[in-house]
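One structure below.
The values are calculated or read from the model by the stated rules, or taken from the named source; none is laboratory data. Fair warning: this is a prediction, and the values are worked out from it, not measured in the lab. Because the Cβ atoms are built from the backbone with ideal geometry, glycine has one as well, and the counts that use them run over all protein chains shown.
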Amino acid sequence: MSYIDLRGHQIWHQEWSKRKREPLLLLHGGLSSTQSFAPKILPSVKRTHHSYGYDRSAHGRTKMRKGYYHFKFQKDEAIAYIEDVIKRPTHVIGHSDGGIIGLMVAIARPDLVRTLVTIGANYHYDCGLNLQTFYGQVDEIDKDEFAQRSGQPRELLVEIVAKAHKVWAREPRMNRAQLRRIRCSTLILAGDDEPFSTEHTASLYEAIPNAQLAILPGTSHAVLKEKPDLVRQILKDFYRNPGLPITLSPNRRLKQALGITANS
């Protein structure tokens, strides 16, 4: 783990297993970090992939910079990381905001994404999102940890959290036509009690041509903590055969196999 220069900005990043394996990028959630996200995913992929992760601007150990809080900025930052650090098409796993960024990268630069897994991600802010009002209160312990980890003033965390809530109320703004442009194998994974509607999750799945859907019972946005073994089992199964699944009674996928689109 170390700091690297990414087009003029110091970001904290880490790699796991530098053997000759296919690359995989881990994208943490909003107000989170690579160190809090990666350990939940690595048991599923450590034997099969060369994994990468970085703290996005204003997250974890990476300092803030102008524009960091908009999803377009974070999408461009992810593209820069793939191009400059990984340097070849990669598998992507993203949780929450990280999943949103993964979707945006797959739409904008399909040449860079081999497969995509989103966990607890929405594609539009108008998704029945139950966003709690932020009144400017941040736990003092969180402020201390933020200052120690990032080397920035502890009160800066209040500004970062406030801007995150503003963005979540207005972004992202992807539509189904854009999602249909995603051609890589995709796994949409979510809890059955996310802060957005299950209908929205199903809509995301239905819009992406080569997608699979996993809604885990009895889980929330914290599905990675609530049922980690089940998540890992699903991820391992997905990477064993990420192509078009062969099922015994295909319906949606029969049309895909025959090249029949929704507009045919």
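Brief remarks on what is shown
- Selection within the stretch 1-30 - more than 17 Å from A78 (Cβ to Cβ) and either part of a strand (DSSP E or B) or touching a residue at least 40 places away in the same chain (Cβ under 8 Å) (or both): S2, Y3, W16, E22
- Among the residues of the stretch 202-217, those identified as closer than 19 Å to K236 by Cα, of a type in the set (A, V, I, L, M, F, W, C) and surrounded by 18 or more Cβ atoms within 10 Å (Cβ to Cβ) are A211, A214, L216.
- Filter result for R7 (among the charged types (D, E, K, R), at pLDDT 95 or above and within 22 Å of K225 (Cβ to Cβ)): no
- Yes/no for S44 being surrounded by 15 or more Cβ atoms within 10 Å (Cβ to Cβ), within 15 Å of the chain's Cα centre (by Cα), hydroxyl-bearing (S, T, Y) and modelled with pLDDT of 95 or more: no
- Qualifying residue in the stretch 172-181 (condition: under 18 Å from F37 (Cα atoms), within 17 Å of the chain's Cα centre (by Cα) and surrounded by 16 or more Cβ atoms within 10 Å (Cβ to Cβ)): no
- Pick from the stretch 42-54, criterion in a helix (DSSP H, G or I) and in contact with a Ser or Thr (Cβ under 8 Å, 6 or more places away or on another chain), ranking: farthest from F146 (Cα to Cα): V45
A quick yes/no check of all residues on (1) in contact with a strand residue (DSSP E or B) (Cβ under 6 Å, 6 or more places away or on another chain); (2) surrounded by fewer than 21 Cβ atoms within 10 Å (Cβ to Cβ); (3) of a type in the set (G, A, S):
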position: E15; (1), (2), (3): yes, yes, no
position: K20; (1), (2), (3): no, yes, no
position: H28; (1), (2), (3): no, no, no
position: L31; (1), (2), (3): no, yes, no
position: H50; (1), (2), (3): yes, yes, no
position: Y68; (1), (2), (3): no, yes, no
position: K87; (1), (2), (3): no, yes, no
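- Residue under evaluation D139, criteria (1) free of Cβ contacts under 8 Å to residues at least 60 places away in the same chain; (2) charged (D, E, K, R); (3) touching a Ser or Thr at 6+ places or on another chain (Cβ under 7 Å), criterion not met: (3)
- Residue identified as under 28 Å from V138 (Cα atoms), buried (at least 23 other Cβ atoms within 10 Å of the Cβ), under 15 Å from the mean Cα position of the chain (by Cα) and free of Cβ contacts under 8 Å to residues at least 40 places away in the same chain among Q74, Q35: Q74
- Odd one out for S57, checked against (1) in a loop (DSSP other than H, G, I, E, B); (2) under 28 Å from R240 (Cα atoms): (2)
- Count of the stretch 87-132 residues, restricted to those that are over 27 Å from P43 (Cα atoms) and of a type in the set (K, R), is 1.
- Verdict on R56 being under 28 Å from R180 (Cβ atoms), touching a Leu at 6+ places or on another chain (Cβ under 9 Å), surrounded by fewer than 21 Cβ atoms within 10 Å (Cβ to Cβ) and of a type in the set (K, R): no
- Candidate set from the stretch 121-152 (those that are under 22 Å from the mean Cα position of the chain (by Cα) and more than 21 Å from Y68 (Cα to Cα)); member that is surrounded by the fewest Cβ atoms within 10 Å (Cβ to Cβ): Q132
- The set of residues in the stretch 153-167 that are crowded, with 16+ Cβ neighbours inside 10 Å and assigned to a loop (DSSP other than H, G, I, E, B) contains only R154.
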